[in-house]
Structure formats: structure tokens, C-alpha cells
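Chemist: Would you mind keeping the following structure in view while I ask a few things?
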Amino acid sequence: MVALSTDPIDVASALSYLQSEQAGALDLFLGVVRDNTQDRPVDRLDYEAYDRMAVSEIQKIVDEAHRRWAVLRCVVIHRTGTLRIGEIAVLIGVATAHRADAFDACRYIIDTIKQTVPIWKKEIFTDGEVWVNAHP
Amino acid sequence: MVALSTDPIDVASALSYLQSEQAGALDLFLGVVRDNTQDRPVDRLDYEAYDRMAVSEIQKIVDEAHRRWAVLRCVVIHRTGTLRIGEIAVLIGVATAHRADAFDACRYIIDTIKQTVPIWKKEIFTDGEVWVNAHP
Amino acid sequence: MNSTISVLLFGIARDLTGQSTVSITLDNDASVGDLLGQLHQRYPSLTGIRSLLVAVNGEYAEPEQRLSHNDEIAIIPPVSGG
Amino acid sequence: MNSTISVLLFGIARDLTGQSTVSITLDNDASVGDLLGQLHQRYPSLTGIRSLLVAVNGEYAEPEQRLSHNDEIAIIPPVSGG
């Protein structure tokens, strides 16, 4: 399951989606808004997505994870809009028979999302703002 | 937080324990009872622990994870007693500022638990039972 | 003959141009590279961005890819999801 | 002089002996290795287990470690948690 969401991400429903009788391992990664970036205090983050393409690019990554590892079920939900400290920006959950596959697939998915998916994050500080990664 | 539990593991309360304003990444691993082992259908698992020592050995592993990685918060809960298919046998949650530490610490903890912690698992099949790892 | 195509802008590209969509007039056989050239000419501030990619109909496109006036075209500044 | 110590058994060791605690009589300067020897003599089926470790007061103990009659001693068959 791949989705973008303007509402808070519901971890419990993601976990129930991942249930499978063959699953022995489940790795769940949450990317969370933290209170600082390079020691500069963060007030909030604004996430913006090219929705249609973000979903299809995430789906490509999930499809590749299925090709590389024995994935039983997989869920990726990325938040958009304004997020405060402690809110979940992205959830990735992978259920597999054995744990190595769950860890490897989950890590591959988050690493690749950060490289290819058209989602942009603006960090808003008390004294300014910056689009992350935008400048040389 | 390290605990053994005869009751079902509460994922939501583990997640709230992991919250921290400095946390940017959270990796949660769940070990789940699956419906087969080497294609032999499993009916249920019985987990038994040397409680006092299991807790202290898990705590040693968690302490070592804190030494090796920048761990903000960590929770390990291991279930004991009879578990049915789909039930969570072990939960490991690690909150860190950056994701590599969360994945590495979480994986280290589950891998090492399986090597050193005095907990024993008996697989009960429809036609017999076996203590896992016990025989040459 | 020319045609006018509408281009979606996101993130810092939208902030720097002050627009979420711009109309660009291109030759009928114009490529992705030609589009980027025109955009940079019209909005010199875009050169301050580390890299700009172009998506055509929701897929990343190479600079030599030809554009058609009914393509959905988007400018993709460096992504920072997750 | 001898002393009797009580030993905790878990998992397959408990199943094979049919006991969760056994009393073993040892010399006063007996080691972990001596204890394992006595146990194997009394319960030959234990040799079917891949490995047996001993914990003394909740810590894994080396074979040469000496035992005292007020130690909490446990037999640790191969672990399989997680």
C-alpha cells in the first residue's frame, strides 16, 4: 500500500495492514520531525509533493523491493502539509518471513525515497526558512 | 526500557515511550509467530525464560547499543508463555536523531538477543514439538 | 510553428518564480533541454538551485526528450522527502 | 566435606530430566565443570543437547569457576528467543 496523507499517519492501521500468517518479522521505520537541524532550532516543516508522481515513484521503489527480497506485505505512507515536532513524516512497514529481508527492504525503501521521490521539505526556523537540499 | 511480559505486547505504548523531541528516526522491529517452520505447519509456540537473567542480559545488549550508536531511547519487550500465530513474540524499538543509527542498533539488538538471552522457544506442531536450536 | 505549454513548478522553483504554473512558448520539436534553457532565461534566479530535473507525464525525462503540447510537464528541484 | 546445591533447569534440560530443579551434591571446591559432569552422569539424556552452559547468580560462568552453596545456579541449554 502506497499513500500520501494530509492527515496524521495512523501507525495502528498500518500495522494491521501488514499482518500475514506467513510473517515472522516486521520492520517499521518512522521518520519524525525533530527539534533541530545542525543545531538550528526547528519550528515546523512544510512538506509538498507532486502527488501523482510521488505515488508512482514510491510504487516503483516498493516493486523493486519485492523483486529483491521476499516481501510479504509492504506499506509506505508519506505525510504532506505542515508538520510539528514529534509528528510522523513518513512510515515504512515491511513484513517478511525472516528478519534480514525486513530490515534490508525497509532501509532500501527509505534510502531510495529520499533520492528519487518528488517530495520537498521546507524547514521553518524561528528566524528563517530553507528548502532542504535545494542549494549547492 | 526492558521487560518480559506474559500479556500481549502493546505496540502503541512502546511507541509513546520512544517519543523524544530530538528523535528524527524510529525503527521498530516485531518478531511475530508465523504459521510454519521449514514448511512444517506450526500450531503455537511456548516461550520460557529465566526471567531475572533474561532481563539483565537484554539490558547488557541495550547498554552496548547505547555505547555503539547515538541512541536516544530504546525499548525491548519479550513475550513469554503460549503464543498463537500472528502474536508478537518480541518488540524492539530504537529512537535516534538519524536513521542509520536506528536501523543498526535495532538489528544489533535482535541479532544479539537470539544469541545470548536465556529464553527458549518450543515449536508445537500438529504432530509433535521441538525445542528450537536444542539439538545438534 | 510554436506552441505554448504549461509547466508545473514545485518547492524552491515555485518560491523563486512566485508561480506554481508557468506558460512557456516552444518550437514544436522542442526538447526538455530547450524548456530548461527558456526557463533559466526567464527566471535567472533558478540557476541558484543545485539541480533541476524535468518530469513528463509523471516520469523523469532526459534532456533530449521531445515535448508535445499535451504533455504534463513538471520542474523537479532536488527532492527532500522522508 | 560435601554440600548440596540446587540447580535450575530450563527448556529442553527440564523436559529431558523431568525436573525444573535438581539437587546435586558436590565437593566444597567444586567447579562449574564438575557440576556439568555430575549432571551428565545422572541424566545421560542431556548429552543429546547441542550445548549446555551454566549461569551462576544470573551470569554466564566459565567451566573453571568455583561454586558456593548459596549461589543461584542454572543450566542454560541453547537459547532460542526472539
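The values are calculated or read from the model by the stated rules, or taken from the named source; none is laboratory data. These figures come from a predicted structure and were not determined experimentally. Counting neighbours? That spans all protein chains shown, and the Cβs are built from the backbone with ideal geometry, glycine included. SASA here: full protein model, heavy atoms, side chains in, ligands and nucleic acids out. Shrake-Rupley method; radii C 1.70, N 1.55, O 1.52, S 1.80 Å.
Chemist: Tell me which residues, restricted to region D:1-24, are in contact with a helix residue (DSSP H, G or I) (Cβ under 8 Å, 6 or more places away or on another chain), of a type in the set (G, A, S) and open to solvent by less than 60 Å² (accessible area, probe 1.4 Å).
Modeler: Scanning region D:1-24 gives a single hit, D:A13.
Chemist: Of the conditions (1) more than 7 Å from every other protein chain (Cβ to nearest Cβ); (2) surrounded by 17 or more Cβ atoms within 10 Å (Cβ to Cβ), A:G24 satisfies every one except a single condition; which number is it?
Modeler: (1)
Chemist: Take the residues in region A:116-128 that are open to solvent by 20 Å² or more (accessible area, probe 1.4 Å) and within 16 Å of A:A89 (Cα to Cα), then tell me which one is farthest from the other protein chains (Cβ to nearest Cβ).
Modeler: Of all residues in region A:116-128, those open to solvent by 20 Å² or more (accessible area, probe 1.4 Å) come to A:116, A:121-123, A:126-128.
From what is left, the residues that are within 16 Å of A:A89 (Cα to Cα) are A:121-123.
Working: A:K121: 4, A:K122: 7, A:E123: 9 Å.
Per the criteria, the residue is A:E123.
Chemist: Identify all residues within region C:39-55 that are buried (at least 16 other Cβ atoms within 10 Å of the Cβ) and either assigned to a helix (DSSP H, G or I) or acidic (D, E) (or both); write none if there are none.
Modeler: Here is the first cut: in region C:39-55, the ones buried (at least 16 other Cβ atoms within 10 Å of the Cβ) are C:39, C:43, C:46, C:49, C:52-55.
Passing the criteria: C:L39, C:L46.
Chemist: Can I ask one more? Anything in region A:79-104 that is of a type in the set (G, A, S), more than 8 Å from every other protein chain (Cβ to nearest Cβ) and either open to solvent by 20 Å² or more (accessible area, probe 1.4 Å) or not in a strand (DSSP E or B) (or both)? List them, or say none.
Modeler: A:G81, A:A100
Chemist: Sticking with this one: Restricting the first residue to region B:33-51 and requiring it to be without any contact (Cβ under 8 Å) to a residue 40 or more places away in the chain, which pairs with a second residue that is not aromatic (F, W, Y) meet a Cβ separation below 7 Å and a spacing of at least six or different chains?
Modeler: Within 7 Å, the pairs are B:N36/B:V42.
Chemist: Quick one: how many residues across region B:4-21 are within 19 Å of B:I109 (Cβ to Cβ) and either in a helix (DSSP H, G or I) or open to solvent by less than 30 Å² (accessible area, probe 1.4 Å) (or both)?
Modeler: Residues flagged as within 19 Å of B:I109 (Cβ to Cβ) and either in a helix (DSSP H, G or I) or open to solvent by less than 30 Å² (accessible area, probe 1.4 Å) (or both) within region B:4-21 amount to 9.
Chemist: If only one of C:V56, C:V7, C:V79 is over 10 Å from the mean Cα position of the chain (by Cα), within 16 Å of A:D51 (Cα to Cα) and aliphatic (A, V, I, L, M), which one is it? Break it down into steps so the answer makes sense when it comes.
Modeler: Working: C:V56 fails: over 10 Å from the mean Cα position of the chain (by Cα); C:V7 fails: over 10 Å from the mean Cα position of the chain (by Cα).
When all the criteria are applied, what remains is C:V79.
Chemist: Within region B:61-80, work out how many residues are within 13 Å of B:D27 (Cα to Cα) and small (G, A, S). Write out each step before concluding.
Modeler: Taking region B:61-80 and keeping what is within 13 Å of B:D27 (Cα to Cα), we get B:71-76.
Those left that are additionally small (G, A, S): none.
The number of residues fulfilling the criteria is 0.
Chemist: Looking at A:Q38, A:Q59, can you tell me which residue is more than 9 Å from every other protein chain (Cβ to nearest Cβ) and at pLDDT below 95? I'd like the intermediate steps shown before the answer.
Modeler: On the way: A:Q59 fails: at pLDDT below 95.
Answer to the check: A:Q38.
Chemist: Criterion first (open to solvent by 30 Å² or more (accessible area, probe 1.4 Å) and free of Cβ contacts under 8 Å to residues at least 24 places away in the same chain) does B:D111 satisfy it?
Modeler: Numbers: open to solvent by 30 Å² or more (accessible area, probe 1.4 Å): yes; free of Cβ contacts under 8 Å to residues at least 24 places away in the same chain: yes.
Yes; evaluated as a whole, the condition is true for this residue.
Chemist: Give me the residue from region C:56-74 that is out of contact with any Phe, Trp or Tyr (no Cβ under 7 Å at 6 or more places or on another chain) and open to solvent by less than 50 Å² (accessible area, probe 1.4 Å) and, out of that set, nearest to the other protein chains (Cβ to nearest Cβ). If you could, list the steps in order and put the result at the bottom.
Modeler: First, the residues of region C:56-74 that are out of contact with any Phe, Trp or Tyr (no Cβ under 7 Å at 6 or more places or on another chain): C:56-73.
Keeping just the survivors that are open to solvent by less than 50 Å² (accessible area, probe 1.4 Å) gives C:56, C:58, C:61, C:67-68, C:71, C:73.
Details: C:V56: 10, C:G58: 4, C:A61: 11, C:L67: 16, C:S68: 18, C:D71: 13, C:I73: 11 Å.
Ranking the candidates gives C:G58 first.
Chemist: To continue, here is another question. I'd like to know if region D:25-34 contains one or more residues that are more than 9 Å from chain B (Cβ to nearest Cβ), open to solvent by 70 Å² or more (accessible area, probe 1.4 Å) and assigned to a helix (DSSP H, G or I).
Modeler: Yes, region D:25-34 contains at least one residue that is more than 9 Å from chain B (Cβ to nearest Cβ), open to solvent by 70 Å² or more (accessible area, probe 1.4 Å) and assigned to a helix (DSSP H, G or I).
Chemist: Still on this structure, please answer the following. Which of the residues belonging to region B:6-21 are of a type in the set (A, V, I, L, M) and within 11 Å of another protein chain (Cβ to nearest Cβ)? Lay out the reasoning, then the answer.
Modeler: Initially, region B:6-21 is screened for residues of a type in the set (A, V, I, L, M), giving B:9, B:11-12, B:14-15, B:18.
Across region B:6-21, the qualifying residues are B:V11, B:A12, B:A14, B:L15, B:L18.
Chemist: Across region D:5-23, what is the number of residues that are of a type in the set (G, A, S) and part of a strand (DSSP E or B)?
Modeler: Of all residues in region D:5-23, those of a type in the set (G, A, S) come to D:6, D:11, D:13, D:18, D:20, D:23.
After this cut, where a residue has to be part of a strand (DSSP E or B) as well, the list is D:6, D:23.
Here the count works out to 2.
Chemist: Select from region B:46-66 the residues that are open to solvent by less than 20 Å² (accessible area, probe 1.4 Å) and either in a strand (DSSP E or B) or in contact with a helix residue (DSSP H, G or I) (Cβ under 7 Å, 6 or more places away or on another chain) (or both) and list them in ascending order.
Modeler: Hits for region B:46-66 are B:Y47, B:A49, B:E57, B:I58, B:I61, B:V62, B:A65.
Chemist: With respect to the numbered conditions (1) crowded, with 19+ Cβ neighbours inside 10 Å; (2) within 18 Å of the chain's Cα centre (by Cα), which one is the sole condition not fulfilled by A:W69?
Modeler: A:W69 satisfies all of (1) crowded, with 19+ Cβ neighbours inside 10 Å; (2) within 18 Å of the chain's Cα centre (by Cα) except (2).
Chemist: Answer with yes or no whether B:W131 is free of Cβ contacts under 8 Å to residues at least 60 places away in the same chain, within 14 Å of chain D (Cβ to nearest Cβ) and not basic (K, R).
Modeler: Details: free of Cβ contacts under 8 Å to residues at least 60 places away in the same chain: yes; within 14 Å of chain D (Cβ to nearest Cβ): yes; not basic (K, R): yes.
Yes: the conditions hold for B:W131.
Chemist: Okay, next question. How many residues are in contact with a helix residue (DSSP H, G or I) (Cβ under 8 Å, 6 or more places away or on another chain), in a helix (DSSP H, G or I) and not polar (S, T, N, Q) when one looks only at region A:105-127? Let's see the steps before the verdict.
Modeler: Quick first cut of region A:105-127, residues in contact with a helix residue (DSSP H, G or I) (Cβ under 8 Å, 6 or more places away or on another chain) only: A:105-110, A:112-113, A:116-120, A:122.
Cutting the leftovers down to in a helix (DSSP H, G or I) gives us A:105-110, A:112-113, A:116.
Those left that are additionally not polar (S, T, N, Q): A:105-110, A:113.
Result for region A:105-127: 7.
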